[in-house]
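Peer 1: Sending over a structure as structure tokens; questions will come in a sec.
No value in this document is a laboratory result; all are computed from the given coordinates. Since this is a predicted model, take the numbers as computed values, not measurements. Don't worry about glycine lacking a Cβ; one is built from the backbone with ideal geometry, like all the others, and counts go over all protein chains shown.
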Amino acid sequence: IRAVRQLPDVPIVSNGLSSLYFWADRYSYAIPVRFDVESGLPRPGYAAEMEALRRRFREDGAVLVLFDPANLLPDYAPLSELVEGLTLVGRYPDGEIYRYESASENAAG
């Protein structure tokens with residue numbers, strides 16, 4: 001939570017919406033879920049939501065804040081898919097923070 005409070009004013013995507021809202025006073029976007037809660041069937045809009053999520057990382061500078069990433073709900077994409085193309089920028093006892101870094105940012109820094 002302390003690390004999230006220190007983040008610049010960028011969009012946050014997380015599996016801990018209420019924790020971020022109550023403890024860090026930050027609104028965050030939910031990670032898309034793969035399955036419909038009621039039917040258990042794959043959600044037809046999932047692929048489009050994941051592409052929109054990736055665009056948010058690339059274009060809006062959004063960060064991914066994961067609480068207890070080793071134990072993500074099975075409704076989410078596997079961790080490797082969620083963090084694909086992102087760079088780990090912070091690891092803490094209760095979670096991890098990832099962000100997109102373009103090739104030009106990597107070359108400059």
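Peer 1: Tally up the residues in the range 73-94 that are touching a helix residue (DSSP H, G or I) at 6+ places or on another chain (Cβ under 8 Å), within 21 Å of residue 34 (Cβ to Cβ), outside any loop (DSSP other than H, G, I, E, B) and in contact (Cβ under 8 Å) with a residue 40 or more places away in the chain, please.
Peer 2: Of the residues in the range 73-94, 0 are touching a helix residue (DSSP H, G or I) at 6+ places or on another chain (Cβ under 8 Å), within 21 Å of residue 34 (Cβ to Cβ), outside any loop (DSSP other than H, G, I, E, B) and in contact (Cβ under 8 Å) with a residue 40 or more places away in the chain.
Peer 1: Could you grab me the full set of residues in the range 18-56 that are closer than 23 Å to residue 6 by Cα, among the hydroxyl-bearing types (Ser, Thr, Tyr) and either touching a Cys at 6+ places or on another chain (Cβ under 6 Å) or in contact (Cβ under 8 Å) with a residue 12 or more places away in the chain (or both)?
Peer 2: 19, 27, 28, 29
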